[in-house]
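Each value in this text was obtained by applying a stated rule to the coordinates, not by laboratory testing. Being a predicted model, the structure only gives us computed values, none of them experimental. Using ideal geometry, Cβ is built from the backbone for each residue, glycine included, and neighbour counts are taken over all protein chains shown.
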Ligand SMILES: Cc1cc2nc3c(=O)[nH]c(=O)nc-3n(C[C@H](O)[C@H](O)[C@H](O)COP(=O)(O)OP(=O)(O)OC[C@H]3O[C@@H](n4cnc5c(N)ncnc54)[C@H](O)[C@@H]3O)c2cc1C
């Protein structure tokens, strides 16, 4: 990280650490608008393109000492990687929603036994089938940001429904939720940014005032 930090500075990047973005304004559809990020410290930053890489925050169990087992025996995902880590063992799935159901079916062929911890009396009690199907079918109820064609026919890869606003990594709907893929999307979005900025070069909507200012 130290080396990445140094290299970015050599290329003229201005770092603002720590700063929290609390809202985004001015995301229009013309493709040349100036976007404004309001920061928690009462400053604002302006830009023609923004990359959202805020990751995902998962709901955690209120269990004492849970964090010391995260990454080794507590997982938030059931991919081939977790299946390999748990191969031949007994696994407990907490929850009875659609994701838990999918994970149970998937893990069952890799582990010796799958236990499901369910609050209700049975699986159907947690959510009726028609509701599960309806929610699964909705493109926007899951809390992740849509990009590319999923967010609009004319959108560039990794671009959201708002012109000039991109999303990468865990926050992006459909991303793999792995470090390597998040870093890869970071590299990929650079090409998209170059293409977008080249298309608006010479535009009169320049950033004439300082990039950062008090709100
Ligand atoms: C317990 C656990 C174990 C994992 N184990 C592995 C593993 O073994 N291998 C693997 O490949 N992946 C693993 N992952 C997944 C991996 O951590 C993520 O895929 C990866 O970190 C995603 O990178 P990201 O840059 O999208 O988001 P993050 O790494 O989450 O980074 C997002 C950053 O944005 C900041 N941020 C959020 N909101 C704001 C805001 N409003 N303003 C300013 N900053 C903000 C956050 O503070 C954070 O620093 C694990 C995840 C978890 C939860």
Between residue 194 and residue 4, the FRET efficiency computed from the C-beta separation at R0 = 22 Å comes out, to the nearest 0.05, as 0.70
Cβ density ranking, 10 Å radius, fewest first, applied to 161, 175 yields 161, 175
